[in-house]
1. Within the stretch 6-45, what whole-number % of the accessible surface is contributed by carbon and sulfur, with the 1.4 Å probe and all protein chains included in the calculation?
2. Let me cross-check residue 29: its accessible surface, 1.4 Å probe, with only protein heavy atoms counted, in Å² to the nearest 10?
3. Between residue 5 and residue 33, what is the spin-label point distance in nm, taking each point 7 Å from the Cα along the Cα→C-beta axis?
Amino acid sequence: MDVLHSFIQNSSLNGMPKWYKAATLLLFSIIITALFTMLFILLFHTPYMNNLSYGY
């Protein structure tokens, strides 16, 4: 929790209202979770998908 607090103090979120900090961190965590989920699907499930084709 101290890491998150120091991250907020050293960023532009320092003077913002509490709801704005929470909304920003929630949006950031949703984006990171979606990226890691897509990476997991791409790395571990793609070899089993024979009908997946990359093309223009």
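1. Details: 2630 of 3400 Å².
Roughly 77 percent, rounded to a whole number.
2. 50 Å²
3. With each label placed 7 Å out from Cα toward Cβ, I get 2.5 nm.
The values are calculated or read from the model by the stated rules, or taken from the named source; none is laboratory data. Fair warning: this is a prediction, and the values are worked out from it, not measured in the lab. Note that we place each Cβ from the backbone using ideal geometry, even for glycine, and neighbour counts take in every protein chain shown. Surface accessibility is based on the protein's heavy atoms, side chains included, excluding ligands, DNA and RNA. Shrake-Rupley method; radii C 1.70, N 1.55, O 1.52, S 1.80 Å.
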